[in-house]
Amino acid sequence: MSNIPLNEYADTAVWRLITWSERYGDNPEQVYERFLKYTVIALGWSLVGDLREWQPSSPEEIADRIRRIDAYWNLRNASAGGRSLYSFFKVLNNGDLVILVAKGKRKKVVEVTGSYCYKIDDILISEDLYHRRTIKKRDEINPDELWEQCGGVPSNTWVYDTLLKLR
């Protein structure tokens, strides 16, 4: 049960982020723990480079770049990568709430506190999680209750997108 009324967040954008890395896909829990430890959320597809440098104008532009990178073997995910990265870069805002999901379980709610950055290091155990934003934990918000308040995954979206806006 949340310690605060969820209607306090009725006008706040809420997202769902699947915490995993293709390289460490068998251990999304490890990626989730690193997000909390280093107070960041991150997305892969890092070989597309720093989005601030080329300012993509659409998800399709990012997806096209993903498709042209030989290292990304699963090109079926290019469209999802384009949508997720574009949202992470252009749509996600400070103050938005993000429900972190690992191994199919809604684990924690975090609040976005920082702008997009592209940071090359190994703190997140993967060379492919360089697109980042800083966060703070919102332990007082129950992720399952917030999910229910938002109505879950919108019917007009692809459920497997890494980052997905719920409302």
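Overview of results
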read-out: Test: residue in segment 112-125 that is modelled with pLDDT under 95 and crowded, with 20+ Cβ neighbours inside 10 Å; value: yes
read-out: Members of segment 60-103 found to be in contact with a strand residue (DSSP E or B) (Cβ under 9 Å, 6 or more places away or on another chain) and outside any helix (DSSP H, G or I), listed by number; value: LEU92, ASN93, ASN94, GLY95, ASP96, LEU97, VAL98, ILE99, LEU100, VAL101, ALA102
read-out: Every pair of residues 6+ apart whose Cβ atoms lie under 9 Å, when the first sits in segment 153-165 and is farther than 14 Å from SER87 by Cα and modelled with pLDDT under 80 while the second is in a loop (DSSP other than H, G, I, E, B) and among the charged types (D, E, K, R); value: PRO154/ARG167
read-out: Residues of segment 87-111 classified as within 15 Å of GLU140 (Cβ to Cβ) and touching a Gly at 6+ places or on another chain (Cβ under 8 Å), total; value: 1
read-out: Residue tally, condition in a helix (DSSP H, G or I) and either touching a residue at least 40 places away in the same chain (Cβ under 8 Å) or surrounded by fewer than 14 Cβ atoms within 10 Å (Cβ to Cβ) (or both), over segment 36-59; value: 8
read-out: Residues being of a type in the set (Asp, Glu) and under 24 Å from ARG16 (Cβ atoms) - total across segment 42-72; value: 2
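The values are calculated or read from the model by the stated rules, or taken from the named source; none is laboratory data. This is a predicted model, so every value here is computed, not measured. All Cβ positions, glycine included, derive from the backbone under ideal geometry; neighbour counts span all protein chains shown.
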